[in-house]
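Computed from the coordinates by the stated procedures, all read-outs in this text should not be read as laboratory data. Since the structure is predicted, the reported quantities are computational estimates derived from the model, not experimental observations. Don't worry about glycine lacking a Cβ; one is built from the backbone with ideal geometry, like all the others, and counts go over all protein chains shown.
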Amino acid sequence: MDRPRDMQKQQIASAGVAALLALTAACGTQSATEDPGQAASSSGPVRTNLPLAGVRWKVDSLTVDGAKPAVPAAATVEIGHDGALTVGTGCNGYHGRARVDGAKVTVVSGLNRTFMGCSMYLEQYEEAIGKALKKPLTAQVSGGSADDRQLVLTSESGSGTRVALTTRPAAPLVGTDWKVDALTGPRSSTGLPKDAAGRAHLVIGKDGTVSGSLGCNAFHATARVEGSKVTFGAVTSTKMACSPATTKVEKAMLAVVRGTARAQVSHRSLYLAGQDGTGLAAARGRAAH
């Protein structure tokens with residue numbers, strides 16, 4: 001009389017074992033042939049195995065149609081895993097949608113910009129980065145660890161557009177040899193003349209001093225750093241005769257390193273602004289000893 005019931009129990013047990021074996025086989029197949037991260041990257045607006053999405057990249061340098069505007073310290077670009085594009089400049093910013101297909105990056109909608117009043121230095125960069133991102137770009141990522149990667153975006157049309165970005169930590173304000181590459185003001189931003197380019201630089205030392213070159217003459221002063229505020233003491237400099245263009249650079253730099261200035265550092269870029277609105281943009285040259 002119990003035989004039918006026993007057979008029913010055996011059938012249920014057999015079905016349970018079969019289901020368990022099937023589930024185990026399915027799990028084994030997935031772990032052997034599928035990488036969940038790769039599977040996630042094969043659909044949606046971001047379809048790439050490059051580690052570029054979900055990272056706030058710091059802009060290192062920018063070239064648009066052959067021109068190289070100074071890059072502000074707070075310049076960033078971020079593409080979310082959902083394709084959301086966010087561009088920071090330190091003043092205004094852009095928001096839009098991007099599509100990433102392999103190594104190809106294309107802004108597909110938006111790129112809407114806020115319109116706060118900014119210095120000409122920042123406005124020139126904002127215009128340039130907006131122009132660069134409106135073109136289809138090819139991405140190349142290098143570097144191993146997440147905090148030491150470089151991303152280079154280049155235009156497919158060969159128009160001379162290149163955006164270099166990095167995840168590397170910012171260079172320290174103190175102890176870095178900063179190469180001055182632009183003079184900035186409330187309504188202007190200009191690169192250095194040939195006579196001063198590559199020569200104008202400054203180092204804020206750990207001993208509480210600042211020294212360097214104004215583009216022609218050497219200078220020295222005391223410097224006290226408190227957060228982003230730098231207070232400079234009396235400046236002494238050599239008295240060589242310089243070209244008119246270089247003398248103009250020297251006067252502009254002296255206006256920044258007298259009194260109190262505000263410093264912004266992002267990766268290898270420094271923006272130093274004096275109390276009267278004049279300032280300078282510099283890039284990391286080398287670590288000072």
Per-residue ³J(HN,Hα) for the stretch 141-157, Karplus 6.51 cos²θ - 1.76 cosθ + 1.60, θ = phi - 60°, Hz, x for Gly and Pro
10, 9, x, x, 6, 4, 9, 8, 10, 10, 10, 10, 10, 10, 6, 6, 7
With labels modelled as points extended 7 Å from the Cα through the Cβ direction, what inter-label distance (nm, one decimal) is found for LEU50 paired with HIS81?
1.9 nm
Treating cross-link reach as a plain straight distance, find the lysines whose alpha-carbon is under 28 Å from the alpha-carbon of LYS104, omitting any fewer than eight places away in the same chain.
LYS58, LYS68, LYS131, LYS134, LYS135
Whichever lysines have a C-alpha closer than 24 Å to that of LYS206, once near sequence neighbours (fewer than 8 apart) are set aside
LYS179, LYS229
Amide H of VAL46 versus every other amide H placed in the peptide plane: which residues, excluding those fewer than 5 positions away on the same chain, fall under 5 Å?
VAL100
Convert each backbone phi in the stretch 53-58 into a coupling constant with the Karplus relation 6.51 cos²θ - 1.76 cosθ + 1.60 (shift: θ = phi - 60°), then list the ³J(HN,Hα) values in order as whole Hz, x for Gly and Pro.
7, x, 10, 8, 7, 8
Looking only at aspartates and glutamates whose Cα falls under 19 Å of LYS248's and that sit 8 or more positions away or on another chain, we get ASP181, ASP195, ASP276
Three-way shape call for the stretch 120-160 based on the alpha-carbon gyration tensor, with the a/c threshold at 1.5:
oblate
Paramagnetic reach from SER243 in the stretch 192-208 [backbone N under 14 Å; point 7 Å along Cα→Cβ]:
192-200
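Run the dipole for the stretch 221-289 about the Cα centre, Lys and Arg Cβ at +1, Asp and Glu Cβ at -1, nothing else charged, and hand back the magnitude in debye, nearest 20.
For the stretch 221-289, the charge dipole is close to 140 debye.
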